[in-house]
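Read the figures in this text as sums done on the coordinates, not as results from a lab. Small disclaimer: the values here were computed from a predicted structure and weren't measured. As a convention, Cβ positions derive from the backbone with ideal geometry for all residues, glycine included, and neighbour counts pool all protein chains shown.
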Amino acid sequence: MADGRAVVRVGDLHKSFGDLEVVRGVNFEIHEGEVVVMFGRSGAGKSTVLRCINFLEDPTSGYVEVDGIRLTGGHRTRSKREQIRQLRIKTGMVFQQFNLFPHMTALQNVMEGPVSVKGFPHSQVRERGMYLLGKVGLADKADEHPIRLSGGQQQRVAIARALAMDPKVMLFDEPTSALDPELIGEVLAVMRELATSGMTMIVVTHEMGFAREVAHRMMFFAEGVILEEGTPEQMFEHTRFPETRKFLDAVL
Amino acid sequence: MEGEPAGSGATPPPDPFAPRSHRFWDRIERLSMRIPFRLKLAAVWVGIFVILGALFAAVKFDTGWMRDHAWFIIRGVWVTVFIAAVSIFFSIILALLGALGRLSKNPVAYGVAGFYTSFFRGTPLIVQLFLWYLGMAQIGDNLGGTWRTLLVWSAVQAGIVGLSLNYGAYMTEIFRAGIQSVPHGQSEAAEALGMAYRQRMRRVVLPQAFRVIVPPTGNEFIAMMKDTALISLLGTSMGWADPFRRGTLLGRADARSLEALVVAAMVYWILTAIFSFFQRKLENRLAKGYVRQVAGPERKPRFISGSAGGGYGGGGMMVQVPAPDTSEEEVEPDG
């Protein structure tokens, strides 16, 4: 996997909120088809790094590159905004709180991106939308509004919505943290299948079972840097840092 | 206890040692309890009208004149509705632009919107109306040329401009609050899909803000219908005379101002009552789409008697007040 072409590159990424520096120099490359799990204590900067990749947060310094589009933070001119938009089209994002559009049905949620951003014809997008809803196991809920779906179902629709844009990389920001325990499994199953299909994925999660089984690489974040990274086996069996060990012991 | 439902039988028997007056009021109260609230409310309204009617009769209210001339006054109602409808249309556009300006990071948009809301909310509507009516004409006069005719507005034109701008400024706040009520995650999700600002607003944020914006906008429309009466003070022509203007003119001419103004007031009152009714309906409909439709309690098994664990926790409520038709199912021995 690691010999594929780099889809995401992050170089010397820093991010401060006021006086608080949350991300303090992060570097990594993620290759095509790779599944990377980021973990660590809350406040360690993993979610912020993820949100910097599609510029939902503006990097204070450093660069982000997605599929050949390399951008830095700072003032957003008209052309910069357009570049950011192009970068976002290449990335799919799944949020902790799902953030489905409540005034649209499940299918309309999935169709929204391709129709209004890419300008694809309705009929074609509808067909693909139904296919994607089928893939996440919700074809029968296509005409339901999000409010009538369970949290797990909403998150699966959100995954389908992100996939509808044919992203080069999928970003998952704690996709199961807001779910009731019995609903976590169905979302992880969809993500597992997505990983098997060769999708490049960056997942911020505390689901260590999922990480062990699906991740190619794991990154442990502590105090705004990647303290340690390696294969799940390396991380679970031969941690180099006591901090990592301590965290793993706590969550496992 | 004969015939009385078990639930309401909680009223204690009258206290034989209570003072007489006390017992009297007790009896009144117990009697009153049997009359539905709506019926009592209707009685109160009827009472108010009877008192008012008696008062008017006492001051030699000329009902005959009212009957003969009411139609003349009522006929002006289309002016009210027309001006309010046109003005609310423009003020909605202004409010939307104002709100987007107030939420913009662009200093020009933010500044212009700030000036707009500050000035038009900070000065009396009646002053603004006269500014548009008299002030603009004077500007046109000073500029000369085509301006002279272009800026001389009729009372109705000046009124529509004045009402639109004034209400637009107030409604800017309604729209701003509506847009801000949409959770930030919605905007983020749209951004993550690659939607540009306009798409985000049009497809995601505004449709959701709409639900919050519509009810208070309805209120503004109702308020505006009443404020259209102010335009009369600019001296509208008879062709554009609203109920208020018709009432004052006719009332003065016939020395029946009280009767004429009561008719005019009734016109506005009925008008706002009608629109309030529709507004409430619309409000309910907008709320419905977002309320989760939970299966009603009647669809659940009402009672699981004898089942292990006692069934639903809520069942306890039903035990206290067993309805007559469920009493057969219950195996609970009742004393």
Item to check | Between helix A:181-196 and chain A: long-axis angle, C-alpha atoms, 0 to 90°, nearest 10 | outcome: 90 degrees
Item to check | Ascending count of other beta-carbon atoms within 10 Å, so fewest first, for A:58, A:180 | outcome: A:180, A:58
Next on the checklist: Quick check for me: using +1 on Lys/Arg Cβ and -1 on Asp/Glu Cβ, what's the dipole size of region A:1-106 about its Cα centre, in debye to the nearest 20?
Outcome noted: 380 debye
Item to check | Selected from B:166, B:13, B:249, residue furthest toward positive end of dipole (the protein assembly as shown; charges at beta carbon) | outcome: B:249
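Test of understanding: ordering B:22, B:184, A:103 by Cβ neighbours within 10 Å, fewest first, what list do you get? Don't jump to the answer; show the numbers that get you there.
Numbers: B:22 12, B:184 9, A:103 18.
By the 10 Å Cβ count, ascending: B:184, B:22, A:103.
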Next on the checklist: Looking at chain A only, what percent of DSSP beta bridges run antiparallel? Nearest 5 please.
Outcome noted: 55 percent
Next on the checklist: Using Cβ contacts closer than 10 Å as the measure, can you line up B:188, A:127 from fewest to most?
Outcome noted: A:127, B:188
Next on the checklist: Bins of 10 Å, beginning at zero and ending with the bin holding the largest distance: percent of Cα pairs per bin for region A:150-252, please.
Outcome noted: 14, 45, 31, 10, 0
Checklist entry - Along the charge dipole of the protein assembly as shown, Cβ charges K/R +1 and D/E -1, which of B:278, A:131, B:89 sits furthest on the positive end? => result B:89
Item to check | Cross-link reach list, lysines versus residue B:281, counting only Cα pairs under 28 Å and skipping chain neighbours closer than eight places | outcome: B:40, B:226
Item to check | Cα long-axis angle, helix A:78-89 against chain A (0 to 90 degrees, to the nearest 10) | outcome: 80 degrees
Checklist entry - Setting aside same-chain residues fewer than 8 positions from residue B:60, which aspartates and glutamates have a Cα under 14 Å from its Cα? => result B:259
Checklist outcome for this item: Hull surface over four for the Cα convex hull of chain A, reported in nm², is 13.7 nm²
Item to check | Flagged links, alpha-carbon separation over 32 Å, of A:135/B:105; A:80/A:135; A:141/A:246; A:118/B:105 | outcome: A:135/B:105; A:80/A:135; A:141/A:246
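For region A:48-95, take the alpha-carbon Rg, divide it by the Kirkwood Rh, and send me Rg/Rh.
0.92
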Checklist entry - Can you list the HN-Hα couplings for region A:30-43, worked out from phi with the Karplus curve (6.51, -1.76, 1.60; θ = phi - 60°), rounded to whole Hz and with x for Gly and Pro? => result 10, 9, 4, x, 7, 10, 10, 9, 9, 9, x, 4, 5, x
